Amino acid sequence: MSLAETRSWAESLGLPGYRGQQVFEGLYAPGTNRFADISVLPRELAERLDAEHRLIPGEESRRQESADGTVKSLLRMHDGKLVECVSIPTEDRHTICVSSQVGCAVGCTFCASGLNGVERDLTAGEIVYQILFHHRRRPVTNVVFMGSGEPLFNYDNVVKAIRVLAEPRGLGMGKRRFTVSTSGVPKRIRQLGVDEPQVTLAFSLHAADDETRSRIVPINRRWPLAEVMDAMDEYSAAVNRRMTLEYVLLAESNMTDAHADSLAAVAQKYRAHVNLIPFNPVFETTHQRPETEAVNAFAARVAAQGVNITVRGQRGADIDAACGQLRRREMSQG
Ligand code: SF4
């Protein structure tokens, strides 16, 4: 709930609105798991609220910690659904990669999240909880919607979660610290540019020709590249920022010279920045991680055509860090 909604919720229980504000502020304080942990609430009231309402929507069911500091948590929501979120610390940042749905309907061939389709959307509260969960170990500086789910298929809850996290009386995060990554939903891309122009939107391209992309990212058959790039172009103009294209490097699928040249052509046309992400192997897919030399050669060929490019370093290589892996492991073990 937003601060205003929390105040109205308190009033709907016959309480003064400021009690709602106390709950809102208390929720974001360290160590709050129940209403009874919010010390400004009278004990009797806190007990009543704990008996009737759930303050936190889930709990950690499993955790994997990488030697590089990356922590992947599997959160079990109140209805038993499992959701992954990953904490990625560096010296000056603490980035959380969050999920927006349970499973995913897009079905990218390199991703474990889409193997069983989508089960349900996450609520705004369940999205906020993923950040809050890791925030308690170390303050979160950045949030990326790159976990399970297509965030623009759960548009209202994703936007609401960002607004709640930006509330000054909560975590007070700047909206520029959020990145939403989409497989390409043209109508929603345009809408985000209008509704939340400070949020960064990255497009998961993965192949710059329709034939290859339709094979890897099946949603491309519904919204082909030209349509999505048009929407991204409009979005970039509306928010006055350079477009970001994400490109997962899959050995033997999207790394030929022709693929590099089409990527360079698209990036140049739209003056986009390109993030190359060497594939992190997922069990149950046939894709392979590319050799470092192949990654470097691909990046060099694209960069030589005047494209601004970054090769993302791998984090969490010793845990099930790729999207959807830990959840599937837990499900398969019952
Ligand atoms: S990569 Fe993203 S959009 Fe594609 S199936 Fe996985 S979660 Fe869905």
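The values are calculated or read from the model by the stated rules, or taken from the named source; none is laboratory data. Quick caveat, the model's predicted, so the values are computed rather than measured. Positions of Cβ are backbone-derived with ideal geometry, glycine not excepted, and every protein chain shown enters the neighbour counts.
Here are some notes:
- In region 207-235, the qualifying residues are those that are among the aliphatic types (A, V, I, L, M) and farther than 17 Å from residue 110 by Cα, and the one that is surrounded by the fewest Cβ atoms within 10 Å (Cβ to Cβ) is 226.
- Which listed residue, of 62, 48, 93, is away from the ligand (no atom under 16 Å from the Cβ) and touching a residue at least 60 places away in the same chain (Cβ under 8 Å): 62
- Any hit, region 118-129, residues being buried (at least 22 other Cβ atoms within 10 Å of the Cβ) and either of a type in the set (Lys, Arg) or within 13 Å of the ligand (Cβ to nearest atom) (or both): yes
- Going through (1) away from the ligand (no atom under 13 Å from the Cβ); (2) outside any helix (DSSP H, G or I); (3) in contact (Cβ under 8 Å) with a residue 12 or more places away in the chain one by one, residue 161 falls short only on (2).
- Members of region 166-205 found to be aromatic (Phe, Trp, Tyr) and more than 16 Å from the ligand (Cβ to nearest atom), listed by number: 178
- Subset tally (residues that are modelled with pLDDT under 95 and either out of contact with any strand residue (DSSP E or B) (no Cβ under 8 Å at 6 or more places or on another chain) or among the aromatic types (Phe, Trp, Tyr) (or both)) for region 136-166: 1
- Qualifying residue in region 289-308 (condition: in the same structural domain as residue 68 (by TED's automatic domain parsing), at pLDDT below 90 and under 24 Å from the mean Cα position of the chain (by Cα)): yes
- Residues of region 20-39 satisfying the condition of being touching an Asp or Glu at 6+ places or on another chain (Cβ under 9 Å), farther than 18 Å from residue 168 by Cβ and surrounded by 13 or more Cβ atoms within 10 Å (Cβ to Cβ): 34, 35, 36, 38
- Screening residue 80 against (1) surrounded by 16 or more Cβ atoms within 10 Å (Cβ to Cβ); (2) modelled with pLDDT of 95 or more leaves a single unmet condition, (1).
- Hits in region 245-275 - residues which are part of a strand (DSSP E or B) and crowded, with 21+ Cβ neighbours inside 10 Å: 245, 247, 248, 249, 274
- Yes/no for residue 192 being farther than 18 Å from residue 247 by Cβ and under 16 Å from the mean Cα position of the chain (by Cα): yes
- The one condition in (1) surrounded by fewer than 23 Cβ atoms within 10 Å (Cβ to Cβ); (2) of a type in the set (Ser, Thr, Tyr); (3) near the ligand (Cβ under 10 Å from one of its atoms) that residue 113 fails to fulfil: (1)
- Strands (runs of 3 or more DSSP E) contained in region 58-128 and holding at least 2 residues farther than 22 Å from residue 173 by Cα: 58-65, 71-77, 82-89, 101-103, 118-121
- Qualifying positions in region 130-151 - more than 8 Å from the ligand (Cβ to nearest atom) and not aliphatic (A, V, I, L, M): 130, 133, 134, 135, 136, 137, 138, 139, 141, 142, 145, 151
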